[in-house]
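Enquirer: Let me give you the structure first, and then I'll get to my questions.
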Amino acid sequence: MSVALQDASGKPLSGNFSIAVTDNSDLLPDSTYTIYSSLLLSSELKGYIEEPGWYFYSDEPFRREALDLLMLTQGWRCYRLERALAADYETPAIAPELFQQLTGDVKRLVGNKAAKEAKVTMSVPAQGVLEEAGTDEEGHFDFHPFEFPDSTIYNVQAVSAKGSSNVLLSLHPEKYPAVDQPWTFTGRRHGTGQLQTEDAPVNVSFMDKSNRRMSYENGMRNVFLEDVVVTAPRRRLPKTLYETIPGCITFRQEDIKEIPDMSLARFIESRFPGVLVTPDSIFFVKRG
């Protein structure tokens, strides 16, 4: 078999080319995976790509946007140098998270009014940290900046300006950007023997509703993951009778030796929420 390639004027072309030959009677060509998509997309990315040819069917804006998102997930970035050199910068719609933050409100139990100048205490027993903040005119408080690992336990307490515990403390929930952009749904059918692709925008809220309905009717979805090995430190056996009492907090000598450089009074206040140490070494629990 010989192949001759010519340009629009009939002159022969020279270069490096790729060709694939299949028998239509034995194999139906897959229009979603082509040489074009393999050279320009699949060969440059890792893992499996669902219908790589879909991104090159046309030059429509939503295909370009979907291609950008696919490339971004693989670590690719696009920088418009001409705009950067002209000092035409773009400001991110969502500011980067530089540190951890804990915010909330303190209100009175009677009247549900804001408790201004209330004292809020945050302790991190595992890190030996004890911080205190006051509320503003609207009862808001804010602890920042700090940085602790995942699964860290925080103890947060609040008292009024006069030291009463008859207040209601509530933490602000973590906020995430809303997902409200409709994406393109790709459907396939073999109506005429050829693979066809339909583009129909599907609303995110409709997809969420469909997923909930499927869960109600068919139960929870099961996703089978690969085997993992879970490791954890060996559980310490109780040495004293007090360690077997539910809710009892016990610290051994080796635990005290591992704490950072702090006074004994500060260590007790950080480990036992609600307990204070006065200058004359008298311990008492805050009460309203």
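Enquirer: What pairs in LYS175/LYS209; LYS116/LYS175; LYS162/LYS257; LYS107/LYS175; LYS162/LYS239 have C-alpha atoms more than 30 Å from each other?
Expert: On the way: LYS175/LYS209 21 Å; LYS116/LYS175 25 Å; LYS162/LYS257 36 Å; LYS107/LYS175 22 Å; LYS162/LYS239 42 Å.
LYS162/LYS257; LYS162/LYS239, as the Cα separations exceed 30 Å there.
Enquirer: Kindly state, to the nearest 0.05, the FRET efficiency for GLU132 paired with ASN112, given R0 = 25 Å and r defined as their beta-carbon distance. It would help to have the intermediate numbers written out before the result.
Expert: Working: r = 24 Å, r/R0 = 0.97.
Working from the Cβ atoms, E equals 0.55.
Enquirer: By per-residue mean of other Cβ atoms within 10 Å, what is the highest-first order of 168-176, 140-148, 11-19, 67-75?
Expert: Details: 168-176: 10.4, 140-148: 14.2, 11-19: 7.3, 67-75: 12.3.
My ranking of the peptides, most packed first, is 140-148, 67-75, 168-176, 11-19.
Enquirer: Right, something else. Among the GluC sites (Glu not before Pro) within the range 80-136, which fall in a DSSP loop and have no more than 10 other Cβ atoms within 10 Å of their own Cβ? Spell out each step's value before the answer.
Expert: Working: sites: GLU82, GLU90, GLU97, GLU117, GLU131, GLU132; in loops: GLU90, GLU97, GLU117.
Sites meeting the loop and neighbour criteria: GLU90, GLU97.
Enquirer: Rg to Rh for the range 1-149: what is it, with Cα atoms only and Rh by Kirkwood? Don't skip to the end; give the middle numbers.
Expert: Numbers: Rg = 29.9 Å, Rh = 22.9 Å.
Computed over Cα atoms, the ratio is 1.30.
Enquirer: For the range 93-136, with every protein chain kept in place, what is the accessible area per residue (1.4 Å probe, Å²)?
Expert: On the way: 2760 Å² over 44 residues.
Accessible surface, normalised per residue, equals 63 Å².
The values are calculated or read from the model by the stated rules, or taken from the named source; none is laboratory data. Quick caveat, the model's predicted, so the values are computed rather than measured. We place every Cβ from the backbone using ideal geometry, glycine too, and count neighbours over all the protein chains shown. Side chains are part of the model used for accessible areas, which takes the heavy atoms of the whole protein and leaves out ligands, DNA and RNA. Shrake-Rupley method; radii C 1.70, N 1.55, O 1.52, S 1.80 Å.
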